Structures are given as C-alpha cells and as structure tokens.
Amino acid sequence: MESSQSIVLGDVEIFRVIEWRGPLMPGPDLLPDTTERTWRDNAEWLAPDHWDPGTELTVAAVQTWVLRSGGRTILIDTGVGNDRERPSRELFNRRHTDFPDRLERAGVRPEEVDIVVNTHLHGDHVGWNTHDVHGEWAPAFPNARYLIPAADEAYFGPGNNYASGHRPDDRLLYEDSIAPVHRAGQSVLWEDSYRIDENLTLEPAPGHTPGSSVVRLASGADRAVFVGDMVHSPLQLLNPSCSSCLCLDPREAAITRRRVVERAADERELVIPAHLGGSGAVEVRRAGGGFVLGEWAAMSQPR
Ligand SMILES: [Zn+2]
C-alpha cells in the first residue's frame, strides 16, 4: 500500500511533525526485562526504525502528533523545546531545532492550534508548550487550551517540591514549560477523564508517571489510542509486562499497559505511541494467550 504522511480515521486526520530522531540507548537499558538476545532475535523487524543492529542502540523519535478533528487543530505532546537547561539529561540539554518551521511547513500555524495535550509532564512532552519572547517563556500557542493531567501537576509541581527535588530538571522544566501556561490562564487540569470533542477522550494511564494518560479516538467505525510513553518499543506490545527504565512506577505501568493493550486488541484500536519511528502506529491482536502485531499504519515518517 502507498504510504502518505497522514492517515484519516473516521472524521479525524492524523499526522506528525518530528522534532528530532536518533539513537537512544542499548535495548536492555531501555527495557530492563529484555536481554541483548531479545533484540537480536527480533532484529529483522525492529531494524532500522526501532533498533540499530550496528550499534545495538534503540532508535527513538521525538515528535508531535497533530490531529484535525471537528474543525479543530489538536497537538499531542510538544517535544523538548529549544535552549532548555536540562543538566540531568544530556539528550535534552540546550537542544536547538527548527521545529516551529517544521510545524508551519506542515500547515500548522501557532495561532490556529486550539488544544495542546500533554500526555504527561516529562521534558520531551512539554518543551514547545512555550517559547522565548524577549527573554521570557510564554505559551507558544496563544489561543490554545493546554490539557494537563492533575496528577502530574500535583507530582511535578511546586506543591511536591517538583517531584521531591531529586533532579534539577524537574523544577526547570516545570518553570519554563508549565508555569507560564498557568500564568497565561491557558491550562486545564483534568482528572478521571476528559472529553476533548466528539471523537477524542483523555483517560488516565498511570505508571510511567502518576498522571500519564492516553487519548482515545473513536470516530465512525475507526478506533485508535495515543499511548504516550506507555510504549517506547513495539516489543512492549508483544509483552505488556515489560516496563521501561523511564517508568517511575514500573509495576503500575505494566498493569496499565496490559489493560490498554488488551482493549486495543479487543476493540481494534490502532496503537500510536509517542516515540516510535517508521510508520509510528500499529495494530495489535491477541494470539495464543499473548499478543502479536497486526498491520502497521500506511503512514511514512516525515523527514
Ligand atoms: Zn517521552
């Protein structure tokens, strides 16, 4: 099937804008329940989009999913951002990309964005919430409502000393990417669930962080679920008990992942994680007590 850079599910068009992509870390570091063997045994389909057999490093994309739904423009997650001080995480520290230009080239003007979803408050999901205006951080999407999980606000915010103050990054990213949105009156803190529109609903999916969430799409006969960082590698869809080293509560993350993957298989939801390269979206099916991958979406990775 011919691939394009967007797909349409029901009344919703879906495409993505890449901030950057590249090697992340050795497979067993990312998924501590796997071994080098696990990755080599699956090399044929993991390479090159998800794992590099030469370096044996996983490959990740940092990207924003863009949805056109009911006449609105919705962004899911906003990447790392430019010029951020992130001393604990070299990969995110003082990054500089042309992401705003990429967004515009993809047809997304900042003032036309209606809704920004932060699936959770990690540094690679909130960065372009804001941009630098004369030395001050201000919302990059001046007319958008920013949907922020209340549980992550409570955990990463000043009320909890920025995730207990272990990492300077947590305070820095809250202050440069979240606090300015609150000050501008553009944030909506949600819990339990949140109906975005007739096609899209936010639901809690805790574990990776306390407030981690998924966006469910149901439009006509089509179904999808944007799972954020619940999944960093398609191997986790085959084995949902496999949490990543980035999950704050790996046990809770595994319980959530199994529930979401089971539902995706039963309800034929296309699974769309935050960071997968290649097609970026895949179906999952039950098979013999476990799971197998179905079709990858006919969607090419933008350059
Ligand atoms: Zn992430």
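Looking only at helices (runs of 4 or more DSSP H) that lie completely in segment 1-65, which have at least 3 residues being touching a Gly at 6+ places or on another chain (Cβ under 9 Å)? Quick ask: steps written out before the conclusion?
Details: elements: 27-30, 36-41, 43-46.
Answer list for segment 1-65: 36-41.
Enumerate the helices (runs of 4 or more DSSP H) found wholly within segment 85-175, keeping only those where 1 or more residues are more than 19 Å from the chain's Cα centre (by Cα) and on the phi > 0 side of the Ramachandran plot.
Where helices (runs of 4 or more DSSP H) fall fully within segment 85-175 and carry at least 1 residues being more than 19 Å from the chain's Cα centre (by Cα) and on the phi > 0 side of the Ramachandran plot, they are 161-164.
Would you check if there is a residue in segment 195-217 being touching a residue at least 40 places away in the same chain (Cβ under 8 Å), touching a strand residue (DSSP E or B) at 6+ places or on another chain (Cβ under 7 Å) and in a helix (DSSP H, G or I)?
The answer is no, given that none of the residues of segment 195-217 is touching a residue at least 40 places away in the same chain (Cβ under 8 Å), touching a strand residue (DSSP E or B) at 6+ places or on another chain (Cβ under 7 Å) and in a helix (DSSP H, G or I).
Quick check: anything in segment 234-252 assigned to a strand (DSSP E or B), farther than 28 Å from R95 by Cα and out of contact with any His (no Cβ under 9 Å at 6 or more places or on another chain)? Can you show your working first?
Going through segment 234-252, the residues assigned to a strand (DSSP E or B) turn out to be none.
Looking through segment 234-252, none of the residues is assigned to a strand (DSSP E or B), farther than 28 Å from R95 by Cα and out of contact with any His (no Cβ under 9 Å at 6 or more places or on another chain).
Could you run through segment 122-142 and say how many residues are more than 14 Å from F92 (Cα to Cα) and out of contact with any strand residue (DSSP E or B) (no Cβ under 7 Å at 6 or more places or on another chain)?
Filtering segment 122-142 down to residues more than 14 Å from F92 (Cα to Cα) leaves 129-142.
Cutting the leftovers down to out of contact with any strand residue (DSSP E or B) (no Cβ under 7 Å at 6 or more places or on another chain) gives us 132-136, 142.
Within segment 122-142, residues that are more than 14 Å from F92 (Cα to Cα) and out of contact with any strand residue (DSSP E or B) (no Cβ under 7 Å at 6 or more places or on another chain) number 6.
Anything in segment 48-73 that is farther than 20 Å from L9 by Cα, in contact with a strand residue (DSSP E or B) (Cβ under 9 Å, 6 or more places away or on another chain) and not β-branched (V, I, T)? List them, or say none. Even if it seems obvious, please write down each step before you answer.
We begin by selecting, within segment 48-73, every residue farther than 20 Å from L9 by Cα; these are 48-62.
Filter again for in contact with a strand residue (DSSP E or B) (Cβ under 9 Å, 6 or more places away or on another chain), leaving 48-52, 55-62.
Once the filter is applied, which keeps residues that are farther than 20 Å from L9 by Cα, in contact with a strand residue (DSSP E or B) (Cβ under 9 Å, 6 or more places away or on another chain) and not β-branched (V, I, T), segment 48-73 yields P48, D49, H50, W51, D52, E56, L57, A60, A61.
Specify the residue that is nearest to R105 (Cα to Cα); the eligible residues are those in segment 279-303 that are buried (at least 20 other Cβ atoms within 10 Å of the Cβ) and under 15 Å from the mean Cα position of the chain (by Cα).
G280
Return yes or no: is V225 buried (at least 23 other Cβ atoms within 10 Å of the Cβ) and in a strand (DSSP E or B)?
Values: buried (at least 23 other Cβ atoms within 10 Å of the Cβ): yes; in a strand (DSSP E or B): yes.
Answer is yes for this residue.
Say we look at segment 221-274 and pick out the residues that are in contact with a Gly (Cβ under 8 Å, 6 or more places away or on another chain) and among the polar types (S, T, N, Q); which of these is farthest from the ligand (Cβ to nearest atom)?
N239
Filter segment 33-65 down to residues that are within 15 Å of the ligand (Cβ to nearest atom) and among the aliphatic types (A, V, I, L, M) and give me whichever is farthest from the chain's Cα centre (by Cα).
V59
With the structure loaded, tell me whether H122 is over 16 Å from R16 (Cα atoms) and surrounded by 24 or more Cβ atoms within 10 Å (Cβ to Cβ) or whether it fails that test.
Numbers: over 16 Å from R16 (Cα atoms): yes; surrounded by 24 or more Cβ atoms within 10 Å (Cβ to Cβ): yes.
Yes, satisfied.
Can you tell which of R285, R263 is assigned to a strand (DSSP E or B), of a type in the set (D, E, K, R) and free of Cβ contacts under 8 Å to residues at least 40 places away in the same chain?
The match here is R285.
If you check L200, L172, L147, L189, which single one turns out to be modelled with pLDDT of 95 or more, more than 26 Å from V225 (Cα to Cα) and among the aliphatic types (A, V, I, L, M)?
Working: L200 fails: more than 26 Å from V225 (Cα to Cα); L147 fails: more than 26 Å from V225 (Cα to Cα); L189 fails: more than 26 Å from V225 (Cα to Cα).
Of the residues listed, the single one that is modelled with pLDDT of 95 or more, more than 26 Å from V225 (Cα to Cα) and among the aliphatic types (A, V, I, L, M) is L172.
So, in segment 10-56, exactly how many residues are closer than 27 Å to H96 by Cα, of a type in the set (D, E) and surrounded by fewer than 22 Cβ atoms within 10 Å (Cβ to Cβ)?
Number satisfying all stated conditions: 4.
Can you find even one residue in segment 115-122 that is among the hydrophobic types (A, V, I, L, M, F, W, C) and away from the ligand (no atom under 16 Å from the Cβ)?
Residues of segment 115-122 that are among the hydrophobic types (A, V, I, L, M, F, W, C), as a first pass: 115-117, 121.
Pick out the ones that are also away from the ligand (no atom under 16 Å from the Cβ) and you get 115.
Among the residues of segment 115-122, at least one is among the hydrophobic types (A, V, I, L, M, F, W, C) and away from the ligand (no atom under 16 Å from the Cβ), which makes the answer yes.
Restricting segment 66-84 to residues that are within 16 Å of the ligand (Cβ to nearest atom) and not in a loop (DSSP other than H, G, I, E, B), which is farthest from L235 (Cα to Cα)? Full working, then the answer.
In the first step, residues of segment 66-84 are kept if they are within 16 Å of the ligand (Cβ to nearest atom); the result is 75-81, 84.
Checking the rest, the ones that are also not in a loop (DSSP other than H, G, I, E, B) come to 75-76, 79.
Working: L75: 26, I76: 23, G79: 23 Å.
Per the stated criteria, the residue is L75.
The values are calculated or read from the model by the stated rules, or taken from the named source; none is laboratory data. In this text the structure is predicted, and so the values were computed from the model without any measurement. Heads up, the Cβs are rebuilt from the backbone with ideal geometry, glycines too, and the neighbour counts pull from every protein chain shown.
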